[in-house]
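The values are calculated or read from the model by the stated rules, or taken from the named source; none is laboratory data. Everything quoted here is computed from the prediction, not taken from an experiment. Cβ sites come from the backbone with ideal geometry, for glycine too, and all protein chains shown count toward neighbours.
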Amino acid sequence: MRKIYVLRYGHRPERDKRVTTHVALVARAFGASGFILGDVVDESVYKSIVKVLELWGGDLHVEMGVNSEEYCVSWKRNNGVIVHLTMYGLHVDDIIEEIRSTSRDLLIVVGAKKVPGFFYEIADYNVAIGHQPHSEIAALAVFLDRLFMGRELYLKFPNAKLEITPSPRGKLIKRTREH
Ligand code: SAM
């Protein structure tokens with residue numbers, strides 16, 4: 001099966017913990033198979049992700065501290081495709097079918113601090129989720145939703161200890177035998 005990984009560039013541990021954790025949780029919940037934190041290791045982000053994986057399942061591949069630029073170069077060398085989410089890119093609606101049609105591995109790059117020109121250059125696709133500034137969490141969610149055409153919202157995760165039983169009111173949580 002092809003890899004769909006998210007690379008978070010520019011994480012600043014002193015201010016981005018929550019947003020970066022949410023980028024990883026969106027990656028998992030919206031169907032990506034890996035989350036890579038570039039250039040820095042953040043134990044508290046790692047623990048938050050692992051806690052969700054233990055309770056809610058899934059086998060998201062998580063790596064931290066890899067050199068972002070080298071990771072992209074090696075991704076391309078292995079015949080992978082890189083999508084960089086940026087408000088300056090091509091409108092998602094104009095390019096998503098072409099991206100969907102490839103069976104090659106996909107690396108989706110999202111930024112935190114200012115993203116260097118390197119990523120705009122190495123990307124096969126610079127993709128805008130609309131041309132207004134907003135958020136890496138929102139951009140990733142919308143991109144994956146368009147990529148999977150909404151099907152990712154029905155994903156079931158292997159090894160889940162908890163599963164939600166949909167309810168019009170209140171909270172119904174089923175504990176599986178794994179718990
Ligand atoms: N100030 C940074 C810069 O100039 O590159 C960007 C900050 S922005 C809050 C963080 C990330 O959100 C961006 O790197 C991009 O990945 C994503 N993002 C924000 N708005 C976007 C949009 N309209 N389309 C695609 N991605 C977007």
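Residue by residue, here is whether (1) over 16 Å from the mean Cα position of the chain (by Cα); (2) under 28 Å from residue 58 (Cα atoms) holds:
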| site | (1), (2) |
| --- | --- |
| 94 | yes, no |
| 102 | yes, yes |
| 105 | no, yes |
| 113 | yes, no |
| 121 | yes, no |
| 126 | no, no |
| 145 | no, yes |
| 158 | yes, yes |
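Yes/no matrix, rows are residues, columns are (1) farther than 16 Å from residue 81 by Cα; (2) in contact with a strand residue (DSSP E or B) (Cβ under 9 Å, 6 or more places away or on another chain); (3) modelled with pLDDT of 95 or more; (4) surrounded by 14 or more Cβ atoms within 10 Å (Cβ to Cβ):
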| residue | (1), (2), (3), (4) |
| --- | --- |
| 109 | no, yes, yes, yes |
| 125 | no, yes, yes, yes |
| 141 | yes, no, yes, yes |
| 174 | yes, yes, no, no |
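Could you please find all residues in segment 103-113 being within 12 Å of the ligand (Cβ to nearest atom) and closer than 17 Å to residue 149 by Cα? Step through it out loud before you land on a result.
First, the residues of segment 103-113 that are within 12 Å of the ligand (Cβ to nearest atom): 108-113.
Hit for segment 103-113 is 108, nothing else.
Working only within segment 23-52, note down all residues that are within 18 Å of residue 145 (Cα to Cα), within 15 Å of the ligand (Cβ to nearest atom) and either of a type in the set (A, V, I, L, M) or surrounded by fewer than 17 Cβ atoms within 10 Å (Cβ to Cβ) (or both).
Just the residues of segment 23-52 that are within 18 Å of residue 145 (Cα to Cα), to begin with: 23-35.
Now drop any that are not within 15 Å of the ligand (Cβ to nearest atom), which leaves 23-24, 26-27, 30, 32, 35.
Those that are within 18 Å of residue 145 (Cα to Cα), within 15 Å of the ligand (Cβ to nearest atom) and either of a type in the set (A, V, I, L, M) or surrounded by fewer than 17 Cβ atoms within 10 Å (Cβ to Cβ) (or both): 23, 24, 26, 27, 32.
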- Query: Which condition number does residue 100 fail, the rest of (1) more than 30 Å from residue 43 (Cβ to Cβ); (2) assigned to a helix (DSSP H, G or I); (3) touching a helix residue (DSSP H, G or I) at 6+ places or on another chain (Cβ under 9 Å); (4) within 16 Å of the ligand (Cβ to nearest atom) being met?
  - Reply: (4)
- Message: Going residue by residue through segment 63-73, is there one that turns out to be without any contact (Cβ under 8 Å) to a residue 40 or more places away in the chain, surrounded by fewer than 19 Cβ atoms within 10 Å (Cβ to Cβ) and under 13 Å from the mean Cα position of the chain (by Cα)?
- Response: yes
- Query: Across segment 132-179, what is the number of residues that are part of a loop (DSSP other than H, G, I, E, B), closer than 20 Å to residue 25 by Cα and within 16 Å of the ligand (Cβ to nearest atom)?
  - Reply: 2
